[in-house]
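The values are calculated or read from the model by the stated rules, or taken from the named source; none is laboratory data. In this text the structure is predicted, and so the values were computed from the model without any measurement. Every residue, glycine as well, gets a Cβ built from its backbone with ideal geometry; the counts of neighbours run over all protein chains shown. These area figures cover heavy atoms from the full protein model, side chains too; ligands, DNA and RNA do not enter into them. Shrake-Rupley method; radii C 1.70, N 1.55, O 1.52, S 1.80 Å.
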Amino acid sequence: MVKKIKINKEKFLEIRNSNSLRSSNELLNHIAKNLKSKGGLSVKEVEDKLCDVKTLQRMEIEGKATEKTLDLVCGALDIDKKILLEDKEDKNENIADYFDYNPKIDNANLQNIKVDDIKKFTSSANKRLYVGYYSKNTSEKSKSKVEEIIKLIDKYSKLTDPFSVVSSQNFNEEDNSHLKNRSNLRKEINRLMEESSLYLYATKVKYYSFWPFPYYEYDEYIKNIKKTPFYNDIYYPKKKIIFVPGETEYPDEYNFDPGNEDYSYKIIPIKLHYAIFIFSDSPDIGSISFNSEAGYRISNDIARFHGADIISEDEEEDEPLLGVEIRGNYKNALDFVETNEQFPENYLDSNNIKLIFKENYFDNRK
C-alpha cells in the first residue's frame, strides 16, 4: 500500500487559488502543461506521469497525498513542498518564504487575437512586452519570424493611435500613403503569423510600481499627491534649469545635471500601462500572473501618507518606499534600487510573467 502524507489543505487551496486555478481540473491541466513544457514529454508520457482529478480532490478534502502527487503539484506551483507539510495550526506562518516568486501577484485574462485586434491593446498603452512560449522545435523554426512580427507590431501600433487614424482620412496623397502603409503592415503581420503557425494572445495591464526621481520632482509630487498619486512613466534623465522660490522677487535657480554625483533622488509611485503580447504554439492559454509586490507596497505607503493605519504581518519586509532618499547621480539611484534588498523588483519583463492554462488541454491533444 502506497504511503499517504498528511498535508495542510488550507495552505494548499490558498496557493492553488493564488495561481488563478479555481478547481482540481484546472490544476491537473496546469500540471500537464508544466510536465510537457519543462520535461519535453509527449502527450502519452505526460498522461503516464499524471495523477487523476480525484487524487487532487482528496488533497483538498482530506489533506492527504502520496509523495509522487506532492512532487507533481509542488513542481507545477513552483513551491517548496515543505510548505504543505507544516503544522496546520501554525496560522502565523508566512507562506512567502517558500515561493520562488513573490506571493503578492496580480492576474490578467488573455485573449487569442487577430492582427486587426492589435490596436485595441496598444491604444492608451505606453509600454509593451512580448513573451514567447513554445517548444524547442517551434522556437528554432519560428524565431526569425517572431522577431520580424515584433518589429512590425511596433510600427503598426504607431500608425493606429486615434490622431494618426483620423488625420490620415484627409484628402491628400501623403495621407493615402499612410493608409497604405498601415494596410501593408497588417497584411505582412498576418502572413508571418500564418507561416509561424503560432497563436497570438494579448492583454492590457496597469502596472503600479515606483521609480527614483530627482529631488525637485519629489517636492512637486508631494504638493499634488491627492490629485496625482501615481506618475504615468519613469524618469528620463535630462539637464534642466531648476527655479527655487525664495523670499525675494526673483527666485533662485541652479543647473540640474543627472550625472551630478552630489544630488538626491527620491522614490515616487508610478503607473505604467502595458500591452502584453504572447506568442505560443499552445491553443489553451487563459491568463497570466505577475509579481505586483512593488505596487502593493507603494500603494500602502500612499495610504499611510493620507493617515490610513496599514498593518503588515511582517514590518521588516514592508519598510516604507515612498520618499526614500538616494544620494548620487541618476545611475547610482537606479543601481541602488536594483541591488538593495529593501526594494522589490519594480518593473515587468518576460521572466516574471507566468502563464495559466485553460481546462481543455486534453481536448486539444493531437
query: Across 5 Å bins from the origin, how do the percents of Cα pairs in region 21-60 run, short distances first?
result: 6, 27, 31, 21, 13, 3
- prompt: What is the gain in length, in nm to one decimal, between V43 and Y254 on full extension, counting 0.36 nm per residue of separation less the C-alpha to C-alpha distance?
  reply: 69.3 nm
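Multiplying the sequence separation of I61 and K227 by 0.36 nm and subtracting their Cα-Cα distance, what value in nm do you get? Present the calculation step by step, with values, prior to reporting the outcome.
Working: separation 166, 0.36 × 166 = 59.76 nm, distance 4.85 nm.
Here the segment from I61 to K227 would lengthen by 54.9 nm.
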- prompt: Non-local amide H neighbours of Y231 (under 5 Å, H modeled in plane, Pro and chain starts lacking H): which ones?
  reply: I270, K271
task: Might you work out the accessible area of K119 for me, using a 1.4 Å probe with all protein chains in place, and round it to the nearest 10 Å²?
output: 100
- prompt: Quick one: length gained pulling N25 to N351 fully straight, 0.36 nm per residue minus the C-alpha distance?
  reply: 114.7 nm
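Kindly flag which residue pairs out of K226/K271; K33/K119; K11/K206; K114/K136; K158/K239; K238/K331 have an alpha-carbon separation exceeding 20 Å in this structure.
Violating the 20 Å limit, Cα to Cα: K33/K119; K11/K206; K114/K136; K158/K239.
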query: How far is it, in nm, from the label point at E10 to the one at N112 when both lie 7 Å from their Cα along the line to the Cβ?
result: 4.0
By accessible area with a 1.4 Å probe, ligands and nucleic acids excluded, highest first: order of R16, R327: R327, R16
- request: Describe numerically, in nm with one decimal, the distance between label points set 7 Å from Cα along Cα→Cβ at N340 and at K136.
  value: 4.3
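Mind ranking T228, T69, T339 by accessible surface for me, highest first, 1.4 Å probe? Let's see the in-between values first.
Numbers: T228 50, T69 10, T339 105 Å².
I get T339, T228, T69, largest accessible area first.
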message: Using protein chains only and a probe of 1.4 angstrom, how many square angstrom of H306 are accessible, to the nearest 10?
response: 90
